[in-house]
Amino acid sequence: MRPGNSRLTDVVFLSYMLQPVKTPEAPPRARRQPAADGTAPRIRRRPLRRPNLVGEVAGRLQAEIVEGRHAPGAELPSEGELSRAFGVSRTVLREAMRTLASKGLVTVAQGRAARVRPADPEVVVDSLGTFLRRNGHSPLALFEVRRPLEAEAAALAARRATPEHLAALEAALDRHERAKAAGDLIAADVAFHERLAEATENPVFLLLQRSLARRMETCLDDTLRRVTPDYGNGHRPIVAAVRARDPDAARRCMLAHLRTAEAKVKQAGMA
């Protein structure tokens, strides 16, 4: 072959080698079509990792307790048995038990199985009361809740109050009217509203009233530092309506009492 032809061949070969290599494109993936009945197609999913084993174990045990699968006072299964059942370490299980104990659901003692605690309203009262105090809700927000709650409580008390309830309300009235110091006046006011909640014969009213009590105490204390406490006698018409078995009058009297108290709060510049 002549030299000229050899050089031409080399150039053609080099040009061919420098061309980009084209990889074959993958065929487009077929789209999943819905089933004939319109339901979504089945999709295979890998199991998700569980980052919070403590929370999951505590949640499962809490559900069992709330559903009544473990009676109050009963011991839960042993630590080893629960660890095997949930497939977790004993460390995870102990942390889960501490979570349940902090919620008032179980009692944990060293070397003994956890025991289910009876339902305790104090846990709810403390939790909600602390939340209301720490969250800084305005006093007016408190009155927005108290109006429907306590007006209905007064009406129910007028229907259901026993002689014992009426005697307790009268005693609370006397205590309130004898109070002189701000601390005594606040305690007497809170006690009156709790006695009225008891007279509804509905424990949920008392639970909610006691949860609001701590925020009420703070509100009353701040108000009494700024204005004259001359609205305490608003309790007496409420008791008179309850004693007369007049739900509508009891509701009206409670609303009037709360409006007066709210006006004092606004006068004190706490709105």
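FYI, it's all coordinate maths here, none of it is from the lab. Remember, it's a predicted structure, so these values are computed and weren't measured experimentally. Here Cβ is always computed from backbone atoms with ideal geometry, including for glycine, and neighbour counts include all displayed protein chains.
Table for the structure above
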item: Gained length - Thr218 relative to Glu164, 0.36 nm times residue gap less alpha-carbon distance; result: 16.5 nm
item: With eigenvalues of the C-alpha gyration tensor scaled by 5 and rooted, segment 55-175, Å; result: 41, 19, 13
item: FRET efficiency estimate (nearest 0.05) - Cβ-Cβ, Glu122 to Glu79, R0 30 angstrom; result: 0.65
item: Where the Cα pairs of segment 122-267 fall when distances are cut into 10 Å bins, in %; result: 12, 44, 37, 7
item: Given charges at Cβ of Lys, Arg, Asp, Glu: segment 53-116 dipole, positive-most of Gly80, Thr107, Leu61; result: Thr107
item: Gap separating the Cα centres of segment 146-184 and segment 105-134, nearest whole Å; result: 29
item: Positive-pole candidate from Leu166, Pro247, Cys219, dipole of segment 122-267, charges at beta carbon; result: Cys219
item: Largest-first ellipsoid semi-axes for segment 53-116, taking √(5λ) over the Cα gyration tensor eigenvalues, angstrom; result: 16, 13, 11
item: Shape parameters for segment 164-238, alpha-carbon atoms, Rg then Dmax in Å; result: 12.3, 36
